[in-house]
Every structure is written in structure tokens, then in C-alpha cells.
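First comes the structure, then the notes that go with it.
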Amino acid sequence: MKYYAKILACNYPKKPMLKLFNLWDVLRITAVIVAALVVFIIMPFEDDNMNIVRYTSYFFLLLLTLSGICWKFFWNKVPFISNWLFPNLSGDWEFTITWQSICNDPESGTVKGSAKIRHTLFDLKISVNTDGSKSEVIDATPYKSPTKEKYLRYMYKNERQNTKSQTNTSHNGVVPQLKISDDFNTMKGDYFTDRGTKGQVSFRKIVN
């Protein structure tokens, strides 16, 4: 695991970049909207404070309901949201990994597989499968660079399937900078593992 720790230290951004869809940011924005509604729309026409509280509560509940039901529709259909905030990565993807050993052994190869991404406003989950293994993402973070380019970084644990060998059946890896294309349908980047391999990984979206 020392090698893995070294990989993380060297390849993860030294300064935290903009992490999107933070719950507290959304709550602050919601609070501002509600306050503006009360001050500029309801208060000028209502003398009864209880009515103000009631109407504000109704609006807040309506906002939460719409965000829970309609967020994916607007996220996918309104380009402004994807460009300004972050694209919705939810869907089925196919991927290709080109790997090589970074030890003295000059082994290399190519692996193809499928991935499923579940992306909500506050969560991002990725599962990856090949014919011989399954990977679960431990931590995934979408972020934007200072130049507004969009990236995804994640750590994962890979488990080999249907193998008789009792050694080297699992490994950990990290993808420190997976660049998302301008049309949001492909992602490419480098990856590193704690078993002494590195390579390139590319994703292509096939189903939203």
C-alpha cells in the first residue's frame, strides 16, 4: 500500500478544485430564493404573518418536490446547466483500458468492458465490469479546472472473478484526471494501480 499512497500523493491535485453539487451550497441558494420570495412578493401583499409562513412553506416544499422529480429532465435538456455546473454522467458506458507494467517485467495489454454511472445532484456512483473482474468505485469527485474544463477523478477497488488463483485476486487503483469531452460523451485519462501497473482508460457513453 506504500506504492498506492505514493500514487495518490503524486497524482491528485494539491489544491482542492471546485466540487460540484455541494448540499450546503444548494441549501444556501434555496434560502436566498425563499427570502427573496418573502420580501419582494409575499410581504407587500400580506399583513398576516402566519400566511407568510404558510406560503413560504408551500413554496419550499414545491421546490424540493420539483428538484426531486424534475432535476434529471432539466439537467439533460437544458445545455446551460451542463455547461455552467457539470454534465450529468448517468448512463451506460463502454470503456477500454490499455495497461503496462511499470516494474522490470515488460508486460502490457488491453481490456474492454462496461460501466454504469449513477449521477445525482449530491452523489456519484460508478461500477465497472469486464469478463474477468468487477470494480467498485470507493470515491468519485467531479470537478472543474480554473479554465472551466470538466474532469472526474476516482479511486476504485478491483476484484477478479472466477479465478482459481489465491494470489493477486484484487487491487486498488486511482484515476486522478479523467477529462470529459465537450459533448460529454467520452472521457479519457491515465490510471495507476498498487500492483505496479499504469495505463490509459477511455470511456464512451452508449445509453443515457
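Might you let me know whether segment 121-141 holds any residue that is among the hydrophobic types (A, V, I, L, M, F, W, C), on the phi < 0 side of the Ramachandran plot and out of contact with any strand residue (DSSP E or B) (no Cβ under 6 Å at 6 or more places or on another chain)? Walk me through it before giving the result.
Step one: of segment 121-141, the residues among the hydrophobic types (A, V, I, L, M, F, W, C) are 121-122, 124, 126, 128, 137-138, 140.
With the extra rule that they be on the phi < 0 side of the Ramachandran plot, the set shrinks to 121-122, 124, 126, 128, 137-138, 140.
Checking the rest, the ones that are also out of contact with any strand residue (DSSP E or B) (no Cβ under 6 Å at 6 or more places or on another chain) come to 121-122.
Yes.
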*Residue check: is Asn172 in contact with a helix residue (DSSP H, G or I) (Cβ under 8 Å, 6 or more places away or on another chain) and at pLDDT 85 or above?*
yes
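Specify the residue that is farthest from the chain's Cα centre (by Cα); the eligible residues are those in segment 103-143 that are assigned to a loop (DSSP other than H, G, I, E, B) and surrounded by 14 or more Cβ atoms within 10 Å (Cβ to Cβ). Give the steps one after another, and end with the answer.
Within segment 103-143, the first condition is being assigned to a loop (DSSP other than H, G, I, E, B), and the residues that meet it are 103-107, 120-123, 130-132.
Then drop every residue that is not surrounded by 14 or more Cβ atoms within 10 Å (Cβ to Cβ), which leaves 120-121, 130.
Numbers: Thr120: 9, Leu121: 10, Thr130: 21 Å.
Ranking the qualifying residues of segment 103-143, first place goes to Thr130.
Table: residues versus (1) on the phi > 0 side of the Ramachandran plot; (2) over 18 Å from the mean Cα position of the chain (by Cα); (3) of a type in the set (D, E, K, R); (4) not assigned by TED's automatic domain parsing to the domain that holds Thr110.
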| residue | (1), (2), (3), (4) |
| --- | --- |
| Ser145 | no, no, no, no |
| Glu149 | no, no, yes, no |
| Glu159 | no, yes, yes, no |
| Pro176 | no, no, no, no |
| Asn185 | no, no, no, no |
| Gly196 | yes, yes, no, no |
| Gln200 | no, yes, no, no |
*Report whether or not Gly132 is modelled with pLDDT of 85 or more and more than 30 Å from Phe74 (Cα to Cα).*
no
*In segment 74-93, the residues that are of a type in the set (Phe, Trp, Tyr) and outside any loop (DSSP other than H, G, I, E, B)*: Phe74, Trp75, Phe80, Trp84, Trp93
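The values are calculated or read from the model by the stated rules, or taken from the named source; none is laboratory data. This is a predicted model, so every value here is computed, not measured. No Cβ is skipped: glycine too gets one built from the backbone with ideal geometry, and neighbour counts run over all protein chains shown.
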